[in-house]
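Written out below as structure tokens is the structure these notes cover.
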Amino acid sequence: MKIAFFDAKPYDKPSFEKYGQEKGIKFKYFETKLNEDTVDLAKGFDGVCAFVNDTINDVVIDKLNEMGVNVLALRCAGFNNVDMKHAYGKLHVLRVPAYSPYAVAEHTMALLLTSIRRIHKAYIRSRDYNFSLANLTGFDLHGKTVGVIGTGRIGRVFIDICRGFGMKVLAYDKFRAEGLDNGDTIRYVELDELFKNSDIISLHCPLTEETNHIIDEKALEKCKKGVVILNTSRGGLVDAEALLAGIKSRKVGAACLDVYEEESDIFFEDNSGHIMEDDTLARLISMPNVIVTSHQAFLTEEALENIAETTVNNLVSFFETNQCENELCYRGGNTHDCKDGKCF
């Protein structure tokens with residue numbers, strides 16, 4: 001089978017070539033993102049493979065359907081970039097529900113430690129042989145309270161890491177993980193209590209209508225002065241303008257962002273020779289207490305292998321049996337993983 005692979009990067013190819021050759025799948029790699037202007041490149045292929053910043057809206061879906069391409073293999077867990085309601089009955093959407101929760105959780109902790117211990121600033125200084133300790137004072141994580149929003153696999157791994165540092169955990173999730181709350185060092189609470197009592201807040205939930213801008217002006221007003229905000233999940237979880245205002249007012253003590261709401265035309269590309277037109281992102285990056293990485297939390301050798309293997313297996317399963325356990329469905333106004341064979 002032939003698959004059009006959009007938004008291809010050099011680090012994608014080795015793993016996909018390895019598993020593709022094993023299963024008889026030929027990938028054609030396109031550096032461009034999948035959107036209304038590029039969808040015609042998929043003509044003549046059996047399916048398309050897309051990533052987080054590709055745009056699979058109603059126009060793209062209809063065009064793929066007209067060309068006879070009815071399989072979209074997402075090489076990621078999130079699918080907020082897909083119009084799932086419009087896709088139902090026209091496009092089978094497969095995804096990678098989990099690849100390496102350790103990759104994302106560990107990157108989150110790396111960002112937190114870098115920020116609060118000023119490691120990035122010390123590194124820059126020492127490169128210039130400046131070994132002064134002025135303005136490098138941090139704080140202990142031991143004994144602090146971290147609020148974790150989203151207790152899926154990544155959220156639970158991050159909680160384990162935090163507990164290793166001796167931190168207390170306040171957790172929130174619409175669907176609570178059985179056995180996680182021990183009534184002491186890890187407790188499920190409502191959002192208002194989490195905002196009020198957390199020294200650090202880390203986001204590990206999907207982006208939905210309900211979670212869009214879960215960190216906004218009203219949420220930040222409820223937080224402790226000097227709260228640290230971590231987001232390695234989806235950019236839309238944080239209202240960037242509200243975050244910027246919170247930083248300027250000293251309400252937010254620090255922010256560590258691996259994702260950004262308007263990242264689709266910025267992240268994964270080298271923009272060092274260009275003027276940054278996104279004023280909000282430019283101002284965030286300019287802040288001394290903000291660290292931004294370019295959606296790299298997933299980027300480990302183990303995660304890339306898992307993503308490629310699962311994506312290839314999804315495609316093989318679908319084309320051989322017309323079913324895939326990792327297919328997404330849109331039914332009755334809800335999107336969920338298909339558990340009963342064909343979605344349509």
Name the helices (runs of 4 or more DSSP H) wholly within segment 1-115 that hold at least 3 residues that are out of contact with any Lys or Arg (no Cβ under 7 Å at 6 or more places or on another chain) and of a type in the set (A, V, I, L, M, F, W, C)? 58-66
Subset of segment 243-263 (residues that are under 21 Å from the mean Cα position of the chain (by Cα) and surrounded by fewer than 18 Cβ atoms within 10 Å (Cβ to Cβ)): GLU262
Would you say TYR102 is at pLDDT 95 or above, within 23 Å of GLU309 (Cβ to Cβ) and hydroxyl-bearing (Ser, Thr, Tyr)? yes
Do the conditions hold for TYR129, that is, is it in contact with a helix residue (DSSP H, G or I) (Cβ under 6 Å, 6 or more places away or on another chain) and open to solvent by 40 Å² or more (accessible area, probe 1.4 Å)? no
Within segment 143-154, track down each residue that is closer than 18 Å to VAL227 by Cβ and of a type outside the set (Val, Ile, Thr). GLY143, LYS144, GLY147, GLY150
Among the residues of segment 157-175, are any more than 24 Å from ALA98 (Cα to Cα), in a helix (DSSP H, G or I) and not β-branched (Val, Ile, Thr)? no
Matching strands (runs of 3 or more DSSP E) fully within segment 266-338 where at least 1 residues are modelled with pLDDT under 95 and crowded, with 18+ Cβ neighbours inside 10 Å: 327-331, 334-337
Complete set of residues in segment 46-66 that are over 24 Å from the mean Cα position of the chain (by Cα) and open to solvent by 40 Å² or more (accessible area, probe 1.4 Å): ASP46, VAL59, ASP62, LYS63, ASN65, GLU66
Can you work out which of the residues in segment 187-203 that are open to solvent by less than 20 Å² (accessible area, probe 1.4 Å) and not hydroxyl-bearing (Ser, Thr, Tyr) is nearest to GLU106 (Cα to Cα)? LEU203
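Yes or no, residue by residue, for (1) in contact with a helix residue (DSSP H, G or I) (Cβ under 7 Å, 6 or more places away or on another chain); (2) within 21 Å of CYS256 (Cβ to Cβ); (3) at pLDDT 95 or above; (4) of a type outside the set (S, T, N, Q):
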position	(1), (2), (3), (4)
VAL157	yes, yes, yes, yes
ARG163	no, yes, yes, yes
LEU170	yes, yes, yes, yes
ILE186	yes, no, yes, yes
ASN197	no, yes, yes, no
Sort out which residues of segment 145-170 are open to solvent by 60 Å² or more (accessible area, probe 1.4 Å) and more than 23 Å from the chain's Cα centre (by Cα), and write them in order of number. GLY164, PHE165, LYS168
Of LYS90, LYS85, LYS121, which residue is farther than 22 Å from VAL59 by Cβ and surrounded by fewer than 20 Cβ atoms within 10 Å (Cβ to Cβ)? LYS121
Would you confirm whether any residue within segment 6-18 is within 24 Å of the chain's Cα centre (by Cα) and aliphatic (A, V, I, L, M)? yes
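The values are calculated or read from the model by the stated rules, or taken from the named source; none is laboratory data. Everything numeric in this text was worked out from a predicted model, so none of it was measured. Methodologically, a virtual Cβ is constructed for each residue, glycine included, from the backbone with ideal geometry; neighbour enumeration extends over all protein chains shown. Quick note on the areas: whole protein, heavy atoms, side chains included, nothing else; ligands and nucleic acids left out. Shrake-Rupley method; radii C 1.70, N 1.55, O 1.52, S 1.80 Å.
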